[in-house]
1. For the range 299-342, which residues satisfy the criterion of being within 16 Å of the ligand (Cβ to nearest atom), under 23 Å from residue 206 (Cβ atoms) and not in a loop (DSSP other than H, G, I, E, B)?
2. Just name the residue that is modelled with the lowest pLDDT out of those in the range 333-357 that are surrounded by fewer than 20 Cβ atoms within 10 Å (Cβ to Cβ) and out of contact with any helix residue (DSSP H, G or I) (no Cβ under 9 Å at 6 or more places or on another chain).
3. Could you please find all residues in the range 413-437 being assigned to a loop (DSSP other than H, G, I, E, B) and within 10 Å of the ligand (Cβ to nearest atom)?
4. When the range 16-73 is examined, which residues are found to be surrounded by fewer than 19 Cβ atoms within 10 Å (Cβ to Cβ), away from the ligand (no atom under 11 Å from the Cβ) and either more than 21 Å from residue 312 (Cα to Cα) or assigned by TED's automatic domain parsing to the domain that holds residue 410 (or both)?
5. Which of (1) over 27 Å from residue 354 (Cα atoms); (2) over 24 Å from the mean Cα position of the chain (by Cα) is the odd one out, the single condition residue 118 does not satisfy?
6. Residues that are without any contact (Cβ under 8 Å) to a residue 24 or more places away in the chain, at least 3 per element: which helices (runs of 4 or more DSSP H) completely within the range 16-124 meet that?
7. Please pick out the residue among 288, 207 that is more than 16 Å from the chain's Cα centre (by Cα) and surrounded by 24 or more Cβ atoms within 10 Å (Cβ to Cβ).
8. Hey, among the residues in the range 128-143 that are surrounded by 12 or more Cβ atoms within 10 Å (Cβ to Cβ) and more than 16 Å from residue 217 (Cα to Cα), which one's modelled with the lowest pLDDT?
Ligand SMILES: Cc1cc2nc3c(=O)[nH]c(=O)nc-3n(C[C@H](O)[C@H](O)[C@H](O)COP(=O)(O)OP(=O)(O)OC[C@H]3O[C@@H](n4cnc5c(N)ncnc54)[C@H](O)[C@@H]3O)c2cc1C
């Protein structure tokens, strides 16, 4: 491309999801000339809300980690000078689990020390094993954060000495880890209850991926007062205040290269922007969009082709009257159901959220928002009758458990993998990028540097992994890497 004809930027970021906006805000604050290209008119990717008749539904939030004082999200807003513009609402207990017909639900604390106490109270003879598990998981997360900050500098030799947990456990599944410790099934099912967020059974779930999820919520589970869109809104404000640019309805269709390095991008409208640094903060599964695809080493192409995306969701949204919400928790998970699950998937769990119990501004007076969600395979294009079957299954299952909801659930709308794909561009509506198997987690996940000079990745298709705290960490690490290389 001819640089004289196009505006030049220090960095161009493709996708205004939370990872792309985090990276853009930090680079712009550091003085780089930044442009963000977003295919939609709204910013935030999955972090969007829909408003209907006074109700507000956050699409991609059951709970967020990293909002405690030292957490990755709080630190980001402090650094950007927005800490007084956003409030995080603690959700305690983090989630309540209903197993089959057991009438005593498991109330899971969002604080690790409290969680260890309650597990130890139920299984006193396993207290030291429980403590050891949490120590191992926090050690894994600590090492991963350290390696992500240092990069591979100086660790090629002596990796096992510097990162003993990662070198020992990178190939482990969660099941293998628990088998080794001979933890009984009843305790195991409580300790692995957050594996639902990873959408994999424990025999396929990476111990490293699970440890990151578990420990991300170890200092609390939170919601954003006023809705998740506050996060992308404030990040965009930072980009603008530092002189950066955000182009909406500007789908990137081509990445140009010159002399073996990145040279610029083109949007669907034919705009050409030049830069020697491009960050893909969107799906990688749909391709790198390079003008010379032959530049991509076969090994990289083959690896991406073999990688497996995470599952997706079917979600139905309702309004319920205030009296029908009495006795409900804001975040509930159900497993071992007597009603037959309509989809063949590796988990039979489903989720029920009443976010207005935590943030009353999410619903009009006298009403509550209710979201029911069912994990399903990514790319599963739910036909109309399958979508109806999912909705019936969810409604019958919750009414079976909470009869006061009968006749009280006012249906608003629903979404499936296809709609999630339209919102984010994530193929098949994958909710968390690459699924967290041992082959795709931790140090084995796709790195943030691509084999093309000047082309970086951020977001849930790269390190450290999916989820809001994970992709904000990814945006921060990518910004740091670019500043170092710059
Ligand atoms: C139903 C659901 C529930 C979830 N629940 C939770 C939860 O409770 N807690 C949690 O932490 N996480 C949750 N997640 C996961 C979390 O939302 C995601 O991991 C995270 O938001 C992904 O952020 P991202 O920035 O990597 O990508 P995305 O949000 O996917 O953003 C990518 C952006 O790139 C844009 N884009 C794509 N292609 C192009 C292109 N060619 N040109 C320009 N722009 C492009 C898209 O429009 C989008 O704005 C959930 C996800 C889903 C779907």
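The values are calculated or read from the model by the stated rules, or taken from the named source; none is laboratory data. What you are looking at is a predicted structure, and each value in this text was computed from that prediction instead of being measured. Methodologically, a virtual Cβ is constructed for each residue, glycine included, from the backbone with ideal geometry; neighbour enumeration extends over all protein chains shown.
1. Correct list: 304, 309, 312, 313, 333.
2. Within the range 333-357, the match that is modelled with the lowest pLDDT is 346.
3. If the condition is that a residue be assigned to a loop (DSSP other than H, G, I, E, B) and within 10 Å of the ligand (Cβ to nearest atom), then 425, 426, 430, 431, 432, 433 are the ones that fit.
4. 30, 31, 33, 51, 52, 53, 54, 68, 69, 70
5. (1)
6. 72-79, 112-122
7. Just a single option satisfies the conditions, and that option is 207.
8. Among residues in the range 128-143 that are surrounded by 12 or more Cβ atoms within 10 Å (Cβ to Cβ) and more than 16 Å from residue 217 (Cα to Cα), the one modelled with the lowest pLDDT is 143.
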